[in-house]
Amino acid sequence: MDKNILITRKELESLEGKPYEVDEAISFEPERFLNHSRLRDIKDAHITGTIVPLHGSTYFEFSWTLTATMVCPCAITNDDVDVPLSTSDEELISFDAVDDQRVLVVDNDVFDLTVYTLERILLEVPLSVVKPGEIKYPSGVGWRIVPESEYEATKDQTIDPRLAKLKDFKFEDE
């Protein structure tokens, strides 16, 4: 089970306008990623930032920076590929219900930093990843995967046998 990092409304309000410092290493259990086809694991997740109450409102401004290493499957070989992640943003947080879609509304007066971090990481997962370096392309009986450069080189040289008779076709204009 993940260790949840919780920040309560009471904690933030007790600071009386001073910033709440966030500096947390966050880990996730591998079982969490069993249903994610493009993400196998997250390593070394670390979030830093500050949560500052906005004067005269019930909002808090959360400025954060997130670094992590995502483990994604290679689109060709299905091997693990480490993908570095570094992102930052600012978010408005409210513990009260608001109609503004730009504001993150926190339920039950508890801000779960672990869940928030995971949601931000999932937004950054690439659609596909190819591992760097020399790749041994998979093959089987009667089929093989070829690099795009090899495909492009042979594509213009061979004529599809189903279309071979068309080269003898004469247009009336000629």
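What follows draws every value from the coordinates through simple rules; no lab data is involved. Note that the coordinates shown come from a computational prediction; the quantities given were computed from them, not determined experimentally. In this analysis, Cβ positions are derived from the backbone assuming ideal geometry, glycine residues included, and neighbour counts consider all displayed protein chains.
Here are some notes:
- The ranking of Leu66, Leu104, Leu6 from fewest to most other beta carbons within 10 Å of each one's beta carbon is Leu6, Leu104, Leu66.
- Region 108-168: GluC sites (Glu not before Pro) falling in loop per DSSP and having at most 13 other Cβ within 10 Å: Glu134
- Selection of trypsin sites (Lys or Arg not before Pro), region 1-99, meeting DSSP coil and at most 14 other Cβ within 10 Å: Lys3
- Overall size of the chain from C-alpha positions, given as principal axis extents largest first: 85, 42, 24 Å.
- Under the combined filter of DSSP loop state and at most 11 neighbouring Cβ atoms within 10 Å, region 129-174 retains these trypsin sites (Lys or Arg not before Pro): Lys136, Lys170.
- Under 13 Å, Cβ to Cβ, from Cys72 - net charge with Lys/Arg +1 and Asp/Glu -1: -1
- Rounded FRET efficiency, nearest 0.05, which uses the C-beta distance separating Glu119 from Thr154 and R0 of 41 Å: 0.35
- Lysine pairs with alpha-carbon atoms under 21 Å apart, the chain, spacing 8 or more or separate chains: 5
- Scanning the chain for chymotrypsin sites (Phe, Trp or Tyr not before Pro) that sit in a DSSP loop and have at most 16 other Cβ atoms within 10 Å, the longest stretch containing none of them is 1-168.
- Against the chain, whose longest principal axis comes from its Cα atoms, helix 113-124 is set at around 20 degrees.
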